[in-house]
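Report on the structure given below.
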Amino acid sequence: MLGIHDLALFIVSGLLLNIMPGPDSLLVMLRSGSQGWRAGSMAALGIGTGTMVHVLAAALGLSALLSASASLFSVIKLLGALYLIYLGIGLLCARPGAPLDNGALKLAPLPYGRLFWQGFLTNLLNPKVALFFLAFVPQFIAPDAPQKALAFILLGCIFNLNGMIWCHLLALSTAFASSKLRLPVRLSQWLHRVMGGLFVALGIRLATE
């Protein structure tokens, strides 16, 4: 169909790639653990929307322009790195919300719209996602495919669906675990600081790669 081949291999490979830890998974876990599964779900929907922007850009050839322009790539990479560092510093400096009944500490809740945009920008400002689609997806499209762009979009949608399933499972499991665990307030504070430090480290890594 549309020149797509080895679809089962693509689905399995895409699922494994989605499971690999990164800023997206970290954001979903953080918001689900502190504000409940709905917050993690909103962040996941933002991530999925960002992924679709990358898919459409790659299908239209815009990602090829990004990969060919070193200066454009560097600008977007720097913006993405700065945004991750901004999120990390925000966590490190955030004033915690009220303690929960089980004694654990939670972050001050954010509006769902803001959580959506956090997920969207975290994904959108990562140029490596765009280059990933350029390198990975074409391997499963025949060179003589009549509708390469449509095939690319279809595979991108399948990949994104895998990612959304994973992110929502992550949101549900993290929220469930958070509701059952009884962590001391001091330990919860340090966990949030560790999360903030991880975002800063991911931003620095993105900027220096």
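The values are calculated or read from the model by the stated rules, or taken from the named source; none is laboratory data. This is a predicted model, so every value here is computed, not measured. Each accessible area value is taken on the protein alone, full model and side chains, heavy atoms only, with ligands, DNA and RNA left out. Shrake-Rupley method; radii C 1.70, N 1.55, O 1.52, S 1.80 Å.
Some notes on this structure:
- By a 1.4 Å probe calculation restricted to protein chains, Leu125 has an accessible surface near 40 Å², given to the nearest 10.
- When the solvent-accessible area of the stretch 1-93 is split by element, carbon and sulfur atoms take up 77 percent of it, the probe being 1.4 Å.
- Cα-based shape type of the stretch 6-45, given that a ≥ b ≥ c are square roots of the gyration tensor eigenvalues and the cut on a/c is 1.5: prolate
- With the largest listed first and rounded to whole Å, the semi-axes of the equivalent ellipsoid of the stretch 1-94 from the Cα gyration tensor are 28, 22, 11.
- Gain on full extension, evaluated as 0.36 nm per residue between Ala201 and Phe176 minus their Cα-Cα distance, stands at 6.3 nm.
- With DNA, RNA and ligands ignored, accessible area of Thr208 (1.4 Å probe; Å², nearest 10): 110 Å²
- For the stretch 23-35, the Karplus equation 6.51 cos²θ - 1.76 cosθ + 1.60, evaluated at θ = phi - 60°, returns couplings of x, 4, 4, 4, 5, 4, 5, 4, 6, 5, x, 9, 10 Hz by residue, with Gly and Pro reported as x.
- Surface listing: Cys167, Cys157 arranged by accessible area from highest to lowest gives Cys157, Cys167, probe 1.4 Å.
- Lys180 sits with roughly 140 Å² accessible to a 1.4 Å probe, with DNA, RNA and ligands left out of the calculation.
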